[in-house]
Amino acid sequence: MLSIIPIQPIPNRIFSSKIPIDGQNRTLQFETQYNELAGYWLVTIRDESGKDLISCLPVIPAQNILEQYEYLGIGSAYIVPIQTVKEQWPSLNTLGSTWYLVWGDSDGGDISG
């Protein structure tokens, strides 16, 4: 099952989202940061209790950004454009509007085939 996470282009925003992962609903907390010098987004992911699972994960498209964290059992996640884009990854203003964060099951859902 795939879910769109309600991420917005707001630096230092903290929000929670209930996500269906591998047949169970999991609540994860997200904190977004924008690296102005490098020009890309970072996200910290926490569990239900607020414990850091992944800190400062670059939000880069074209692959499962959670692939190296498979052992955490929190599924898969992809940054995908919803329209034709000229930029290589989400800018300060396009995260959540032109680029979506799509979450899936551990096997990659329907995105990775």
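What follows is calculated from the coordinates using simple rules that are stated; it is not laboratory data. Just so it is clear, the model here is predicted, and its values are computed rather than measured. As a convention, Cβ positions derive from the backbone with ideal geometry for all residues, glycine included, and neighbour counts pool all protein chains shown.
Report the extension gain between N12 and D105 in nm, rounded to one decimal, defined as 0.36 nm multiplied by the number of residues separating them, less their alpha carbon distance.
Numbers: separation 93, 0.36 × 93 = 33.48 nm, distance 2.67 nm.
Result: 30.8 nm gained on full extension.
So between E48 and L2, what do we pick up on full extension, going 0.36 nm a residue minus the alpha carbon distance?
Working: separation 46, 0.36 × 46 = 16.56 nm, distance 2.00 nm.
Length gained between E48 and L2: 14.6 nm.
Based on Cβ point charges of +1 for Lys and Arg and -1 for Asp and Glu, what charge dipole magnitude is obtained for the chain about its Cα centre, in debye rounded to the nearest 20? Kindly include the intermediate steps, with their values, before the conclusion.
Details: 6 positive and 12 negative charges, 69 e Å.
Roughly 340 debye for the chain.
Give me the compactness ratio for the chain, meaning the Cα radius of gyration over 2.2 N^0.38 Å. Kindly include the intermediate steps, with their values, before the conclusion.
Numbers: Rg = 13.1 Å, N = 113, 2.2 N^0.38 = 13.3 Å.
Normalised Cα radius of gyration, the chain: 0.99.
Work through the residues other than T98 whose Cβ is under 15 Å from its Cβ and net out their charges, Lys, Arg +1 and Asp, Glu -1. Working shown, then result.
Numbers: positive: K86; negative: E87.
Net of charged neighbours comes to 0.
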